[in-house]
Structure formats: C-alpha cells, structure tokens
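In what follows, a structure is listed as structure tokens, so that the remarks can point back to it.
The values are calculated or read from the model by the stated rules, or taken from the named source; none is laboratory data. Just so it is clear, the structure is predicted and the values come from calculations on it, not from any experiment. As a convention, Cβ positions derive from the backbone with ideal geometry for all residues, glycine included, and neighbour counts pool all protein chains shown.
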Amino acid sequence: MESTPSRPVDPLLMEATQLMIRTHSGDHEAFGELVRLVGRRAQRLAHALVGHEEDARDLAQEALLKAYRGRASYDPGQPFFPWFQRILRNTCISHLRKRRVALSLHGSADEGDGPDFELVDPQPLPERIAEGREAVERYRAALATLRARDREILALRHQEELAYREIAATLGIKEGTVMSRLFHARRRLREALEDGPA
C-alpha cells in the first residue's frame with residue numbers, strides 16, 4: 001500500500017468550513033461564497049457517482065440547496081465537507097434509485113455525454129483514436145459496474161487528487177479506512193476491466 005502523504009489539509013476544506021460556520025450564524029452571503037468555492041468539486045463528485053454530466057450539475061445544486069436548508073443542523077465544531085458529502089451522496093443515491101425504477105419501467109438507458117476524460121495526443125493516427133475511444137469506453141463500463149462508494153473514493157483520489165488525509169476529512173473516516181477502501185476499489189476496478197470485453 002502507498003504511504004500517507006504528509007502535505008497539510010487542503011485550504012479549500014478549511015475555508016469551506018469557515019464559510020459554513022458563518023452561514024450557520026445567519027450570514028446568507030457567506031453561503032453564496034461557499035457555493036462558488038465548492039460548486040465545481042460537488043459537480044465532479046456527483047458525476048463520479050451518477051456518470052452523467054447534466055444530472056451531476058442538477059444534483060450538485062440540489063445537494064447545496066439541501067445544505068442551505070439544513071444549515072441549522074450543521075455542527076460548527078465539525079468540518080463542512082464530511083457533512084456535505086453525506087448530503088451529496090444521499091442525493092445522488094436517491095437519484096440513482098429513481099432512475100433504476102424508471103429504467104425498469106421503460107426498458108432503456110441514458111447514454112452518457114461522452115468520455116469522462118480525453119486522451120491527449122498531438123496528432124493521433126486514426127487507429128490510435130479508435131483504440132483510445134475503446135479504452136475510454138472499457139474504463140467507463142468497468143467503472144459503472146462498481147458500487148457508488150467505490151466510484152466516490154476513486155474520484156476523490158484520482159480525479160480530485162486529494163491526499164489520504166483530505167479524503168479522510170471529506171468522508172469523515174480514518175486514513176487507514178481510506179487506504180483500505182481505495183485498495184479494494186482499485187482491485188474491483190481492475191477485475192471489472194479484466195472481465196470486460198477485450
């Protein structure tokens with residue numbers, strides 16, 4: 001397993017907590033600042049959970065609105081992100097459950113908005129473009145088979161590039177649990193990639 005990085009906790013996490021404390025105390029403008037600060041991150045994490053860009057935007061906004069409405073329940077002695085992450089996760093899981101019911105009724109599935117990332121090549125050959133697209137599709141298909149909890153922790157580590165300490169603070173778990181979850185999520189992703197079509 002990897003060693004724990006020693007860099008300090010992300011200043012964004014601390015600033016978000018300060019803004020939420022101000023919001024909790026009745027400073028409504030502070031919440032606007034908080035939305036500008038964490039909105040993109042919330043959207044990226046929602047996208048990792050639901051796999052659809054437009055849905056992710058809506059769900060991130062919905063979760064932020066729920067956080068504002070629930071500001072009285074926020075404990076100013078606790079960091080903002082673990083509290084908000086639970087709201088965002090529950091919002092996304094509720095959406096996925098509703099979508100699953102709708103899919104079972106209609107018998108069709110949403111197509112995504114394209115790859116989650118682009119492969120960079122200054123002048124790719126056509127066959128390399130095709131290979132790249134296939135690799136992206138295999139990765140996306142494998143990722144979609146994982147549980148939301150696995151997708152979430154992989155996104156925090158590999159898309160958000162958070163240190164173990166920052167992931168622990170965001171999810172409200174111990175660093176050892178972060179390492180364990182990451183290990184198992186990566187293993188399941190590798191297995192899904194191996195089991196997928198060649």
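Values for this structure:
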{"item": "Residue match in region 112-119 (condition: surrounded by 14 or more Cβ atoms within 10 Å (Cβ to Cβ) and either more than 30 Å from Leu34 (Cβ to Cβ) or at pLDDT 80 or above (or both))", "result": "yes"}
{"item": "Residue that is modelled with the lowest pLDDT, among those in region 49-104 that are in a helix (DSSP H, G or I), under 20 Å from Leu171 (Cβ atoms) and among the hydroxyl-bearing types (Ser, Thr, Tyr)", "result": "Ser94"}
